[in-house]
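Read-outs: derived from the displayed coordinates by stated rules, not from any lab. Keep in mind that what you see is a predicted model, and the values were worked out from it rather than measured. Heads up, the Cβs are rebuilt from the backbone with ideal geometry, glycines too, and the neighbour counts pull from every protein chain shown.
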Amino acid sequence: AKPHLAVVGATGAVGSVLLGILSERADIWGEIRLIASPRSAGRKLTVRGEQVEVVALSEEAFDGIDVAMFDVPDEVSAQWAPVAVSKGAVVVDNSGAFRMDPDVPLVVPEINAHTARVRPRGIIANPNCTTLSMIVALGALHAEYGVSELIVSSYQAVSGTGKAGVDTLRAQLSAVSGTELGCAPGDVRRAVGDTLGPFPAPIALNVVPWAGSLQEDGWSSEELKIRNESRKILGMPDLPVTATCVRVPVITTHSLTVHARFENEVTVAGAHEILAAAPGVVLTDDPAEGEYPTPADVVGTDPTWVGRVRRSLDDPRALEFFVCGDNLRKGAALNTAQVGELVAGELRG
Ligand code: 2RA
């Protein structure tokens, strides 16, 4: 029999993308039950071409469910994922609640699919979108060259902060469009007024060197997630990782510049070969023809796109490259769906 799936947080930004992805991929699921807060219960959403009524989150909502995909805030996952497990489901959780729990595998199928089988708590965690937007490409290079240090900067899209972020950028863009704003200090700030939404500074006509919450010594939560999650996924708890996270006026698709140092000498031709062959990666790297990935071209697609591959001028063991990945697809919903498919394959034996 086909396993039964629950999608918890079906009405959210990632939840909606997940329903689309479940409708496009091989139809391996029996029932797909949609679960959300009581506020959204009764709404009808389309999945696999059918209208399905959303049910309220409750213990009974997990009756008969084999796999539950959670796309909800950390505190909701922390409370309800164990409930789903107690009802017999394997949980694939996209929140930050369990990612660093040593008894919870943090899975990216292209890199560490085997770790999904060992899950003492019945929960598998999905990495943060910023980590996911670069780790598949990095993992492919690591498998060949052995990474020894990572320095990255992110250029994160506003949909990483959910609908509020997208609405804020659109409203601010309307406020500045057709004006001369952006040439004098503070004029953009005055124009957008108090409509900053989830951002600490204007996001239209601007870049903001901040994403997430303030942690010790000036680091942001997003920067620490890249460090901690990359180490866990690669199984390298001591890997030196430095990240600087920046928000940019893009709706969807995170980009990162990566400086990766390896155990062995690298060549651009070798890196190209590895990246071109890596599952889940598309190499588009021909600057003479103006070919490199940009969020405007990558949004809505599944792979991690890589370009601007160069060997560091001062270090024959290091590569510089630029990656783009749709933060709502591979960065969240797609990876969740892929991990769910791994579990479903296991359940079917
Ligand atoms: C962001 N990575 O882009 C976050 C979402 N989890 O804000």
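The P(r) of the stretch 1-135 has a tail past 19 Å containing 48 percent of all C-alpha pairs.
The length gained by stretching the chain between LEU196 and ASP238 to full extension, at 0.36 nm per residue less their Cα-Cα distance, is 11.4 nm. For the chain, a Kirkwood radius taken over Cα pairs fed into Stokes-Einstein (25 °C, viscosity 0.890 mPa s) yields D = 117 µm²/s.
With the simple spin-label model, which puts each label point 7 Å out from Cα in the Cβ direction, the ASP27 to HIS259 separation comes to 5.1 nm. With a Förster radius of 30 Å, plug the Cβ-Cβ distance of GLU346 and ALA143 into 1/(1 + (r/R0)^6) and report the FRET value to the nearest 0.05. The computed FRET efficiency comes out at 0.80.
Listed values for the stretch 110-120 are Karplus-derived 3J(HN,Hα) couplings in whole Hz (6.51 cos²θ - 1.76 cosθ + 1.60, θ = phi - 60°), namely 5, 10, 9, 3, 4, 6, 5, 6, 9, 9, x, and x replaces Gly and Pro. A simple spin-label model places the labels of GLU53 and ALA184 5.9 nm from each other, with each point 7 Å out along Cα-to-Cβ. May I ask you to list the trypsin sites (Lys or Arg not before Pro) in the stretch 255-349 that are in a DSSP loop and have at most 13 other Cβ atoms within 10 Å of their Cβ? Here the sparse-neighbourhood loop sites are ARG348. State which entries of LYS2/LYS87; LYS225/LYS330; LYS163/LYS225; LYS163/LYS232; LYS2/LYS44 exceed 26 angstrom in Cα-Cα distance in the structure shown. Violating the 26 Å limit, Cα to Cα: LYS163/LYS232.
Fully extending the segment from VAL83 to LEU313 would add 77.5 nm, taking 0.36 nm per residue of separation and subtracting the current Cα-Cα distance. Between VAL207 and MET100, residue separation times 0.36 nm minus the direct Cα-Cα distance comes to 35.6 nm. Mind running the shape call on the stretch 293-349? Use the C-alpha gyration tensor, a ≥ b ≥ c as the square roots of the eigenvalues: rounded below 1.5 for a/c, prolate if a/b tops b/c, oblate otherwise. Cα axes put the stretch 293-349 in the oblate bin. The sum of -39500 (n - 2.57) across all DSSP H runs of n ≥ 4, divided by the residue count of the chain, sets its helix-only mean residue ellipticity at 222 nm to -9500 deg cm²/dmol. Which is the longest stretch in the chain that no exposed loop site breaks, taking sites as GluC sites (Glu not before Pro) with a DSSP loop state and at most 14 other Cβ atoms within 10 Å? It runs 60-179. Looking at the chain alone, DSSP beta bridges between its own residues are antiparallel in about 50 percent of cases.
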